[in-house]
Structure formats: C-alpha cells, structure tokens
1. If you roll a 1.4 Å probe over segment 19-155 with all protein chains in place, what percent of the accessible area is carbon or sulfur?
2. Using 0.36 nm per residue, how much length does the chain from Ala98 to Asp66 gain when fully extended, once their Cα-Cα distance is taken away?
3. Can you tell me how segment 1-93 classifies by the Cα gyration tensor, rounded, prolate or oblate, using a/c under 1.5 as the rounded cut?
4. Restricting things to alpha carbons, find the Rg to Rh ratio for the chain using the Kirkwood radius for Rh.
5. At R0 = 22 Å, how high is the FRET efficiency between Thr90 and Val146 if r is their beta carbon distance? Nearest 0.05 is fine.
6. Based solely on its DSSP helices, what 222 nm [θ] is calculated for the chain when runs of n ≥ 4 H residues each add -39,500 (n - 2.57) and the sum is averaged over all residues, nearest 500 deg cm²/dmol?
7. Of Pro26, Pro53, Pro40, which has the largest mean-square fluctuation in a 10 Å C-alpha GNM of the chain?
8. Please compute the per residue accessible area over the chain with all protein chains in place, 1.4 Å probe, rounded to a whole number of Å².
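The values are calculated or read from the model by the stated rules, or taken from the named source; none is laboratory data. Every value quoted in this text rests on a predicted model; they were computed, and no experiment measured them. As a convention, Cβ positions derive from the backbone with ideal geometry for all residues, glycine included, and neighbour counts pool all protein chains shown. When the accessible area is computed, the model is the full protein with side chains, heavy atoms only, and any ligands, DNA or RNA have been set aside. Shrake-Rupley method; radii C 1.70, N 1.55, O 1.52, S 1.80 Å.
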Amino acid sequence: ACGAFPSWAKSPPQIVSPILFFDHPPEIENLADIIANHLPRYDRFSSVPAPLPFGLGWTWNKVNVDIAQHLTQRVVANDVELREAISELTLGPLQDPAIPRWEMHLVRNLNGRSALITRMDHCIGDGLSFATAFQGFTTDLNGDPVPPPAPFKRK
C-alpha cells in the first residue's frame, strides 16, 4: 500500500485537492519551470513513501522528479466542461505509486476562468502545509509575492 495509512486500515486514498482559479492562466512551460524550481526543495514533493520492515511505519526515499510525470494540461470550451474536468480529475487514486505522490492539472478554459487542480496524497501534508509550500511561488500580476490571507476570526 502507499499513502497516509497502512494497507491493513483499508482506508480509501486520502487526497488533498486544492484548486487555483485564473482569469489568465500561466503558460504550461512557465508553470513547469516554476514547479521544477520550487516544489522539489520540499523533501516530500521529491520523495516516495516506503514501508519499514515488520509494519513499523514509513520512511521516505528521495527520487528524481520528472515534472512531465506530474503536470498535464487540457483545454475545455466553457464553464460546464471545466466543472466536468474538475470532477473527473479530483476523483480516484493518484496514478503511479513509484513517483512522488502529487500531480497537477492545468485546465485551460477558452471561454472563462481556468483552473490549476493539484492533487497530493495526505502523507505529503495537509491543506495548511500545501498552502505554505505554494505561497512561495504564487505572485500577483506584477510578480510580487501574494500576501498570506488574513487570519480567520471567530465571531
């Protein structure tokens, strides 16, 4: 088994799937360069989980990251097709357990907002750790770092 839980737990895949929406999506080549220069710095984005002997837990084995194995692009004609693509791409397990447990899909909408769908196994981290990793390479239209969101305040 591969992922956040051992096979004996019979847990379905635990996939975190944040989605970024764009009015003007990046070119796939630029996105690949940004990802290649940033994400592999985080060990779990450039490693695969491997079970320890006797079921004593997991360790991480560092591997070379081929961005082409993790990043895809598709084009849709409208918002309905975008929603269908999001539904399709966010379901099911990650494809190849021999590569780091994440993937990204740029869905370019010819007539509306586009989306970058990221899927990562929960063994890499949770939504908060993902936000921290991604904040390092998200910028505004001027290329300035996007500030962190305001803290949530309870009423």
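1. C and S atoms contribute 56 percent here.
2. Stretched out fully, the Ala98 to Asp66 stretch lengthens by 10.3 nm.
3. On the way: a/c = 3.40, a/b = 1.54, b/c = 2.21.
Oblate, since a/c reaches 1.5 and b/c is not below a/b.
4. Dividing the radius of gyration by the Kirkwood radius yields 0.99.
5. Using R0 = 22 Å, I get an efficiency of 0.45.
6. Helix-only estimate at 222 nm: -6000 deg cm²/dmol.
7. Pro53
8. 63 Å²
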